[in-house]
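Read-outs: derived from the displayed coordinates by stated rules, not from any lab. All of these numbers come straight from a predicted model, not from anything done at the bench. Heads up, the Cβs are rebuilt from the backbone with ideal geometry, glycines too, and the neighbour counts pull from every protein chain shown.
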Ligand SMILES: C[S@@+](CC[C@H](N)C(=O)[O-])C[C@H]1O[C@@H](n2cnc3c(N)ncnc32)[C@H](O)[C@@H]1O
């Protein structure tokens, strides 16, 4: 997701210091974290660096964490969760690191203020992330708290729903910005159509959340947060510039997608229909189609999906001239059955499944070079 996160962060006006496969690093203030949590569509969480140091044992970790002036960061009536990742020979189980860090923070606050904050696991209050790789350790405030990928609108997930952040990344990678029709056959629980509507309305995804990690620290500036929220509300549009269509042959999927869209406040803007994907209504004005078919990763499923993938190719050719068609799949063998030459194949990970967003330019009339011969 880094390239799409990088794009979003740059568009918000920040310089990228470095980019990695699992995240990007920028120089920013605590108040900037409020803005990032509010606007970023592809970020999983926004971490604010508190300290970093060399560290060679669990005892050493305890000592170095106690040196941080936590009493100036965490109110002593808060609830604290610690999440850590450790790659160090002394660590057999990451739970020991969580416990050591929690003890160090709580002991420090008790010593300085006479009261200890509570520790919990629900990540609804203060969340500290610790990364300990060999001899070096980074300590962060997780300003998001709970995962930003859970936008809270998906009340009915159905099977194999895309994470909301991944769906947003796919849409951004497709180039869709809301000015052309967006068509999502096989919509399942509606994630792609809902994320497309939020993008088209320029609605900040963070407006859907109310609780964040950043609200629970002493750094939180409530006036600044209200100001940012108001600005975001003013920037969001009420109407779409072009239609969004979402279809699925399963009536239960459409019921769930409608409910989820309603929770996100965009149900009135999406044309839902129960139908086979080949009967999806396609507006005349060309636009973007994104299909996320099943990947057939279980035994015996792949064969039956071959016809589905080849029908997607036919559907693109016969019904979608002028559009850019995209298929998001974790099965490249099945993708070959589409029978068209992809203009781009953008890599993504869906959990640990390596996927591709395959994009096809579907020409009108005589320009047929894009279609593969059988
Ligand atoms: C992988 S799921 C899509 C998940 C979706 N992106 C989400 O986030 O919830 C694939 C969907 O395709 C639908 N589907 C499968 N074959 C179909 C067909 N021939 N016509 C229409 N929908 C179909 C299934 O009912 C399922 O909801």
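In whole angstrom, note down how far apart the Cα centers of the range 114-138 and the range 192-258 are.
The range 114-138 and the range 192-258 have Cα centres spaced 29 Å from each other.
Run the numbers for residue 241 and residue 122: contour at 0.36 nm per residue of separation, minus the present Cα-Cα distance, in nm.
So the chain would gain 38.8 nm between residue 241 and residue 122.
Over the chain, what is the mean sequence separation of C-alpha contacts under 8 Å (at least six apart), divided by residue count, expressed as relative contact order in percent?
The normalised contact order for the chain reaches 14 percent.
Within the range 66-83, whose backbone N sits under 12 Å from a point 7 Å along Cα→Cβ of residue 113?
Under 12 Å, as judged by backbone N against the label point of residue 113, lie 70-80 of the range 66-83.
Taking neighbour Cβ counts within 10 Å as the exposure measure, how do 1, 95 sort from fewest upward?
Going from least to most buried by this count: 95, 1.
Taking the Cβ-Cβ separation of residue 361 and residue 273 as r and a Förster radius of 45 Å, what is the calculated FRET efficiency to the nearest 0.05?
The value I calculate is 0.95.
Taking neighbour counts of Cβ atoms within 10 Å as a proxy for exposure, in what order, fewest first, do 131, 212 appear?
131, 212
Starting with the highest mean, order 284-293, 302-311, 27-36 by the number of other Cβ atoms within 10 Å, averaged over the residues of each peptide.
Going from most to least packed, we get 284-293, 27-36, 302-311.
How would the range 35-78 be classified by its alpha-carbon gyration tensor: rounded, prolate or oblate, with rounded meaning a/c under 1.5 and the a/b versus b/c comparison settling the rest?
Because a/c hits 1.5 or more and a/b fails to exceed b/c, the range 35-78 counts as oblate.
Give the separation of the Cα centroids, the range 167-190 to the range 2-67, in Å.
A separation of 28 Å, based on Cα centres.
When 364, 108, 151 are ordered from fewest to most other Cβ atoms inside 10 Å of their Cβ, what list results?
The order, fewest Cβ neighbours first, is 364, 108, 151.
So which residue, out of 128, 68, 194, gets the largest mean-square fluctuation from a GNM of the chain using Cα contacts under 10 Å as springs?
Greatest mean-square fluctuation among the candidates belongs to 68.
Taking R0 as 45 Å, what FRET efficiency do you get between residue 303 and residue 233 from their Cβ-Cβ distance, rounded to the nearest 0.05?
Rounded to the nearest 0.05, the efficiency is 0.35.
Only helical DSSP H runs with n ≥ 4 go in: add -39500 (n - 2.57) per run for the chain, normalise by residue count and round the 222 nm mean residue ellipticity to 500 deg cm²/dmol.
Calculated from helices alone, the mean residue ellipticity at 222 nm is -10000 deg cm²/dmol.
Compute the Cα gyration tensor for the range 80-126, then decide on rounded, prolate or oblate, letting a ≥ b ≥ c be the square roots of its eigenvalues: rounded whenever a/c is under 1.5, prolate when a/b is larger than b/c in the other cases, and oblate in all that remain.
Oblate.
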